[in-house]
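Engineer: One structure coming up, written as structure tokens, with questions to follow.
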Amino acid sequence: MQLHAVTKLHLGGDARLPRLADALERYAAIIAQRGIAFFILTAQVFVGTIEFKRISLAGFILVPFAIWNRNSFLAESVLGNVGSSGIKVMVLAVIVGISSNIFAEFTAALQGQEPCPPYPPRSTRSSSKVRKSRRLSATISTVIIASSGR
């Protein structure tokens, strides 16, 4: 019986630490998701800039027609498209700027460290949850008593 307990403790059964294969699989999935997301974002930025340049070049030709009343319909759609594609490019630029700053912070924070520290033993997590639930129930009962006017 003692041999079984020692091997279970040695293999990390009681500490409930994630196994290396599970952690590598999780990190590979996260990296794949981020890579796909950045690939899609790159394609959208590329298409957005091409669209903006194409529409603004058409605007150089069609905007002078806005001077005459009978031909103003030619320039209205171009001006609307220039505005909408410009907003699209600006939103994509903001997304790229924010996400690049966030990932720069992550990579700077992980220099020479493990990406995910091992989980604490199960008993520590459950006891902190119990303490939080007791504090919450005490707070709720205090609010109920105070609101009832007793």
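The values are calculated or read from the model by the stated rules, or taken from the named source; none is laboratory data. Predicted, not measured: the structure shown is a model, and the values here were computed from it. Here Cβ is always computed from backbone atoms with ideal geometry, including for glycine, and neighbour counts include all displayed protein chains.
Engineer: Here's a check for you: in the stretch 42-57, which residue that is among the aliphatic types (A, V, I, L, M) and surrounded by fewer than 16 Cβ atoms within 10 Å (Cβ to Cβ) is nearest to Glu76 (Cα to Cα)?
Structural biologist: So, considering only residues that are among the aliphatic types (A, V, I, L, M) and surrounded by fewer than 16 Cβ atoms within 10 Å (Cβ to Cβ), the one nearest to Glu76 (Cα to Cα) is Leu57.
Engineer: Now for a separate question. Ala108 versus (1) modelled with pLDDT of 80 or more; (2) exposed (fewer than 13 other Cβ atoms within 10 Å of the Cβ); (3) under 19 Å from the mean Cα position of the chain (by Cα): which is the lone unmet condition?
Structural biologist: That leaves (1) as the condition not met.
Engineer: If you don't mind, another one. Which members of the stretch 42-58 meet the condition of being within 32 Å of the chain's Cα centre (by Cα) and among the hydroxyl-bearing types (Ser, Thr, Tyr)?
Structural biologist: Thr42, Thr49
Engineer: Can you tell me which condition Phe38 does not meet? The list is (1) modelled with pLDDT of 85 or more; (2) under 22 Å from the mean Cα position of the chain (by Cα); (3) not aliphatic (A, V, I, L, M), and all the others hold.
Structural biologist: (1)
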